[in-house]
Structure formats: structure tokens, C-alpha cells
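Notes for the one structure printed next.
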Amino acid sequence: MQTVDQDGRKPGHHWKEADRVHEYVAQNDQNAEPMAEVFDLLTMLLPFAADAPLQVLDVGSGHGVLAAAVLDTFPNATAIGLDIAEAMMEIGRQRMARFGARFRYHGGDFADGTLPADLPGPFDLVVSSRAIHHLPPEGKRRLFADIYRHTMDGGCFFDIDNMRPNDDFLRARYRQVPDPTVPARLQARSQGQPGGGAREHQEPVADQLAYLREAGFAHVDCLWKRLGRALIAGFK
Ligand SMILES: C[S@@+](CC[C@H](N)C(=O)[O-])C[C@H]1O[C@@H](n2cnc3c(N)ncnc32)[C@H](O)[C@@H]1O
């Protein structure tokens, strides 16, 4: 398995750069609505009662946007945000303070395709948004299997991420359409590269659904897709 990027860092570790984090958060604040709609869809698809005391894990939580959508929908839920970027967690601690003890960060790394050994669990729900694409295919397969192990029976895993088209013909068609869920500058950068850039591994949806089945999830589907971004899920 590839363990370092071309610049010698472990997958996703470029997010430790504070400037990159501040640029990302500013862009997302300007363009939050399209992703908020996908987060709403995710929460509507969950197989839990509205008052369930869910234990939730957000993998690559960043400043906490997806965990916040889940906690707003399930008032008795508690979430852990797993992340490695101190600057992200600093912003997130301020923005997530309104949830009090219902949200906390767990500083830790999933670059080798496993969740940190000291992570509590299991979880009713594992979610991730725009984070797992840093892992190469073998890393994703390992991570999906480890997430399965950390998911309770009756629980589920939802992943919103960048997933490339099946071939260059389709890639050219995708490029004809602006993607509202991706800031324009990043879209241009991502679409110019096969697979979305040097630090991204964007296997197509069909491959990633196969990883979920391989991990052991019983009910697997792509529940939303627009161009190079998709929401996939596995139910245990
Ligand atoms: C593009 S941001 C997405 C943040 C948030 N989930 C969102 O949708 O806005 C990717 C996040 O994944 C985290 N991340 C990437 N690789 C990681 C790794 N190997 N271990 C832990 N966190 C990682 C980064 O620090 C960053 O906060």
C-alpha cells in the first residue's frame, strides 16, 4: 500500500498546513448550501428514531460541518470528530461549542487505513465528508473494513466524497458542467488531473461500493451523486 504522497507526507497530512485550512474553511463558508442539502439527505436516510442516544464518529471531521448536521437532527446524539489537523480542530472547537459535551475531537490518524487504536467505540453511525479520498484504494479497503468493525449491529456508515467518472469520455462530459458543491477554483484544479490531483485517489462509485460489500456491510448503495461527488452508504 502507498504510505506517502509524492511530497513524502502520509495521506491527508497536507491538512496540517494552517493556511490551507483557513482557505478551505473560508471557501466552504461562502458556498455551504449545496453540501448542506446533501447532509440533510444523509440525516433523512438514517434508520434511527429522532430521540435515539446515538454514538457517532465523523472521520476527517475538519471544522465539524457534517457532525453538526447529525447532532442538530438527533438531539440526544453524541459525536467524536476524528482529525489530524490542529488548525481545523481549533476552528471546529469554536463552532461546535454550542453542542457542549455532545461533541469532542479525537486527534488521530487514519493514513494507514486503520482507525486509531485508542478511539472509543463501537458507534451507531460513522460518517465522513470529503476526507477518505486521500487514501489509495488499498487504504480505503482497509479503512472501510475497520469502520465496519467499529460499527454496531444495526448501525451504518455514510461517506460523501470525490469519486471520479468511469472513463475519459465521461470525464469530458463532467467538465461541461459547473459543480455547485465544489468551489470553482478547486474544481478546475481537480478536473485537470486524472483522479483529481496528486493527493487524491478518487475511485469510481462502483469500486467504492464494492469495498463496502467486501468490508461486510449488508445493504450498500449510492444514495446521491452529482458529477464527481457521491454519497455512498453501507448498513450493518
Ligand atoms: C477536505 S477536509 C473535510 C473536512 C470536513 N469533513 C468537511 O466536509 O468540510 C479533510 C479533513 O480530513 C482530515 N484528514 C485527512 N487525512 C487525515 C488522516 N490521515 N487522519 C486524520 N484526519 C485526516 C483533514 O485534516 C481535514 O480536516
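Before moving on, here are some points about what is shown:
- Checking Gly121 against (1) more than 21 Å from Arg229 (Cα to Cα); (2) modelled with pLDDT of 95 or more, the condition it does not meet: (2)
- Condition met for Asp40 (surrounded by fewer than 22 Cβ atoms within 10 Å (Cβ to Cβ), farther than 17 Å from Ile160 by Cα and of a type in the set (Asp, Glu)): no
- So Leu186, is it at pLDDT 95 or above and under 26 Å from Lys10 (Cα atoms): no
- All positions within the range 66-87 that are farther than 10 Å from Tyr105 by Cα and in contact with a Ser or Thr (Cβ under 7 Å, 6 or more places away or on another chain): Leu66, Ala67, Ala69, Val70, Thr73
- Count of residues meeting criterion [out of contact with any His (no Cβ under 7 Å at 6 or more places or on another chain), surrounded by 15 or more Cβ atoms within 10 Å (Cβ to Cβ) and over 30 Å from Glu138 (Cα atoms)] in the range 88-111: 5
- Inter-residue pairs, beta-carbon under 7 Å, first modelled with pLDDT of 95 or more and in the range 137-153, second of a type in the set (D, E, K, R) and part of a strand (DSSP E or B), 6+ apart: Met152/Asp124
- The residue of the range 132-169 that is farthest from the chain's Cα centre (by Cα), among those that are surrounded by fewer than 22 Cβ atoms within 10 Å (Cβ to Cβ) and assigned to a loop (DSSP other than H, G, I, E, B), is Asp167.
- Selection within the range 1-46 - more than 13 Å from the ligand (Cβ to nearest atom), part of a helix (DSSP H, G or I) and among the charged types (D, E, K, R): Asp19, Glu33, Glu37, Asp40
- When each of Ala85, Ala69 is tested for being of a type in the set (A, V, I, L, M), buried (at least 18 other Cβ atoms within 10 Å of the Cβ) and under 22 Å from Pro116 (Cα atoms), the lone residue that passes is Ala85.
- Flag for Ile80 being modelled with pLDDT of 95 or more and farther than 21 Å from Pro136 by Cβ: yes
- Residues in the range 17-30 that are more than 16 Å from the chain's Cα centre (by Cα) and surrounded by 15 or more Cβ atoms within 10 Å (Cβ to Cβ): Gln27 alone.
- Within the range 14-35, the presence of a residue that is polar (S, T, N, Q), within 13 Å of Ser129 (Cα to Cα) and at pLDDT 95 or above is excluded.
- Of all the criteria given as (1) aliphatic (A, V, I, L, M); (2) away from the ligand (no atom under 13 Å from the Cβ); (3) touching a residue at least 40 places away in the same chain (Cβ under 8 Å), the one not satisfied by Ala49 is (3).
The values are calculated or read from the model by the stated rules, or taken from the named source; none is laboratory data. Given the structure is predicted, the values throughout are model-derived calculations rather than measurements. No Cβ is skipped: glycine too gets one built from the backbone with ideal geometry, and neighbour counts run over all protein chains shown.
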